[in-house]
Amino acid sequence: MITKTQILQVEGLTAQTLLELFSSVNKRLDELGARVNPPDQTVFLTREEVGKFLKISLPTVWAWSKQGILKPHRLGNQVRYIESEVLQAAQATKKGGALK
């Protein structure tokens, strides 16, 4: 593995000025990162993850999907569940509203 090292020599800048420059660069990178990865991204869960989260078995995940309690989404040949919908289903089952 070959690595290249570059040495950058800065003259005429005080340490404080250099720190301010780095601070502004960090702030700008954070702003750009927030645009690239918005915080409200949809998180998909597998059947196994849903089962572990709700503390139910895989057959129960399947049964709840058939009953409409959980809403499966197909991504190609895979089944995924949206995390926010799973949370709503969990709250509804605690209140007794979803299981009839």
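Points to keep in mind about this one:
- Flag if Glu83 is of a type in the set (D, E, K, R), surrounded by 11 or more Cβ atoms within 10 Å (Cβ to Cβ) and touching a residue at least 12 places away in the same chain (Cβ under 8 Å): yes
- Candidates in region 1-23 are the residues that are among the hydroxyl-bearing types (Ser, Thr, Tyr) and exposed (fewer than 10 other Cβ atoms within 10 Å of the Cβ); of these, the one that is modelled with the highest pLDDT is Thr14.
- Of all residues in region 1-58, those being assigned to a loop (DSSP other than H, G, I, E, B) and closer than 30 Å to Arg74 by Cβ number 11.
- Residue ID - surrounded by the most Cβ atoms within 10 Å (Cβ to Cβ), chosen from residues in region 29-66 that are touching a residue at least 24 places away in the same chain (Cβ under 8 Å) and closer than 13 Å to Thr93 by Cβ: Val50
- The set of residues from region 67-80 being part of a loop (DSSP other than H, G, I, E, B), surrounded by 13 or more Cβ atoms within 10 Å (Cβ to Cβ) and of a type outside the set (D, E, K, R) comprises Ile69, Leu70, Pro72.
The values are calculated or read from the model by the stated rules, or taken from the named source; none is laboratory data. These numbers come from a predicted model, not from an experiment. No Cβ is skipped: glycine too gets one built from the backbone with ideal geometry, and neighbour counts run over all protein chains shown.
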